[in-house]
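Below: one structure, written as structure tokens.
The values are calculated or read from the model by the stated rules, or taken from the named source; none is laboratory data. Predicted, not measured: the structure shown is a model, and the values here were computed from it. Cβ atoms come from the backbone with ideal geometry, glycine included; neighbour counts cover every protein chain shown.
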């Protein structure tokens, strides 16, 4: 996470034990930029039914690839009374709407990009709009990948149940096996966030990732765990500080409702729609830890 401070970082004030005295900071404590407004969005959804946020987001891991930015923009809808089926249906409908809008309103630009950047661009966009996305349980996806390895396919990263899939695994499923977008569901709980609704098997959660050709994951979402006790147990299992979670738990303390949501990286959508190879070409002010490469 990116830490923010108003202190003089070359000579910060210190306590008697030598540690930095963040009480003198503007925020009164050590503070970082958020990777998502989702948890706050859940409050809005449980009050109003359906909401969305759209704003800057800051990456929480050290990822330096043509698909990652240090700062990016994300659309994050949250919906009350949505289950896994209605969530995946909305994810598919949402992304098809965006692509269809671009085809109907920006064809001159797309024809230029089709000629100058990617000769298959328009055909690929039309293909996504006109096809049904595959719903694929994680366990079945792993079996497909393991079978591919047995048949001689080479992956850089190993494949086994419980692994967090790499981009090469996602793209194999989308581009070579199914040849259409895939919505993967029911991930192992140990590789997903604490707030995802747990399945009855005790091993998996109702998380979803929409996987696209060329770029891999374009949407990540889940049904949210509405059970106070299950959420409390998961927070304790992961040793998440309760001082940061009390307000979130209060939304379940006296009862809640089934709800779900997802986040779509806007620049990844633009990357797909334009056919560009590097995500830094579709954001006005790309920020990465190393700006020398520009």
Q.
Please go through the range 159-169 and give me each residue that is touching a residue at least 24 places away in the same chain (Cβ under 8 Å) and surrounded by fewer than 21 Cβ atoms within 10 Å (Cβ to Cβ), ordered by number.
A. 161, 162, 163, 164, 167
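Could you please let me know if residue 54 is closer than 30 Å to residue 166 by Cα, at pLDDT 90 or above and exposed (fewer than 15 other Cβ atoms within 10 Å of the Cβ)? Write out each step before concluding.
Details: closer than 30 Å to residue 166 by Cα: yes; at pLDDT 90 or above: yes; exposed (fewer than 15 other Cβ atoms within 10 Å of the Cβ): yes.
Taking the combined requirement at face value, the residue satisfies it.
Which residue out of 43, 69 is out of contact with any strand residue (DSSP E or B) (no Cβ under 8 Å at 6 or more places or on another chain), assigned to a helix (DSSP H, G or I), surrounded by 15 or more Cβ atoms within 10 Å (Cβ to Cβ) and in contact (Cβ under 8 Å) with a residue 24 or more places away in the chain? Before the answer, list the steps.
Values: 69 fails: assigned to a helix (DSSP H, G or I).
Result: 43 is the single residue among 43, 69 that is out of contact with any strand residue (DSSP E or B) (no Cβ under 8 Å at 6 or more places or on another chain), assigned to a helix (DSSP H, G or I), surrounded by 15 or more Cβ atoms within 10 Å (Cβ to Cβ) and in contact (Cβ under 8 Å) with a residue 24 or more places away in the chain.
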Q: Kindly indicate the residue of the range 166-193 that is in a loop (DSSP other than H, G, I, E, B) and out of contact with any strand residue (DSSP E or B) (no Cβ under 8 Å at 6 or more places or on another chain) and also modelled with the highest pLDDT among those meeting that condition.
A: 179
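Would you mind stating whether residue 61 is surrounded by fewer than 16 Cβ atoms within 10 Å (Cβ to Cβ), under 15 Å from the mean Cα position of the chain (by Cα) and farther than 30 Å from residue 256 by Cα? Please lay out each step first, then the result.
Working: surrounded by fewer than 16 Cβ atoms within 10 Å (Cβ to Cβ): yes; under 15 Å from the mean Cα position of the chain (by Cα): yes; farther than 30 Å from residue 256 by Cα: yes.
So residue 61 passes the test.
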Q. Among the candidates 100, 124, which residue alone is surrounded by 14 or more Cβ atoms within 10 Å (Cβ to Cβ), in contact with a helix residue (DSSP H, G or I) (Cβ under 6 Å, 6 or more places away or on another chain) and farther than 30 Å from residue 201 by Cβ?
A. 100
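Would you pick out the residues in the range 198-213 that are in contact (Cβ under 8 Å) with a residue 60 or more places away in the chain and more than 15 Å from the chain's Cα centre (by Cα)?
Step one: filter the range 198-213 for residues in contact (Cβ under 8 Å) with a residue 60 or more places away in the chain, giving 204, 206, 208, 210, 212-213.
Hits for the range 198-213 are 204, 213.
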Q: Could you please find all residues in the range 196-212 being at pLDDT below 95 and crowded, with 19+ Cβ neighbours inside 10 Å?
A: 212
Q) Has the range 22-30 got at least one residue that is under 19 Å from residue 73 (Cα atoms), over 14 Å from the mean Cα position of the chain (by Cα) and either in contact (Cβ under 8 Å) with a residue 24 or more places away in the chain or not in a loop (DSSP other than H, G, I, E, B) (or both)? A) no
Q: Provide a single number: the residues in the range 116-145 that are assigned to a helix (DSSP H, G or I), within 19 Å of residue 278 (Cβ to Cβ) and free of Cβ contacts under 8 Å to residues at least 12 places away in the same chain.
A: 1
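When the range 85-105 is examined, which residues are found to be over 16 Å from the mean Cα position of the chain (by Cα) and either over 28 Å from residue 280 (Cβ atoms) or free of Cβ contacts under 8 Å to residues at least 24 places away in the same chain (or both)? Give the steps one after another, and end with the answer.
Start the filter on the range 85-105 by keeping residues that are over 16 Å from the mean Cα position of the chain (by Cα), which leaves 85-86, 89, 93, 96-105.
Listed by number, the residues that qualify are 85, 86, 89, 93, 97, 101, 104, 105.
Can you name the residue in the range 31-40 that is assigned to a helix (DSSP H, G or I) and farther than 19 Å from residue 83 by Cβ and, of all such residues, is farthest from the chain's Cα centre (by Cα)? It would help to see each step written out before you state the result.
At the first step, the residues of the range 31-40 found to be assigned to a helix (DSSP H, G or I) are 38-40.
Those left that are additionally farther than 19 Å from residue 83 by Cβ: 39-40.
Details: 39: 14, 40: 16 Å.
Among them, the one singled out is 40.
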Q. What is the residue count in the range 8-21 for residues that are surrounded by fewer than 15 Cβ atoms within 10 Å (Cβ to Cβ) and either in contact with a helix residue (DSSP H, G or I) (Cβ under 9 Å, 6 or more places away or on another chain) or not in a loop (DSSP other than H, G, I, E, B) (or both)?
A. 4
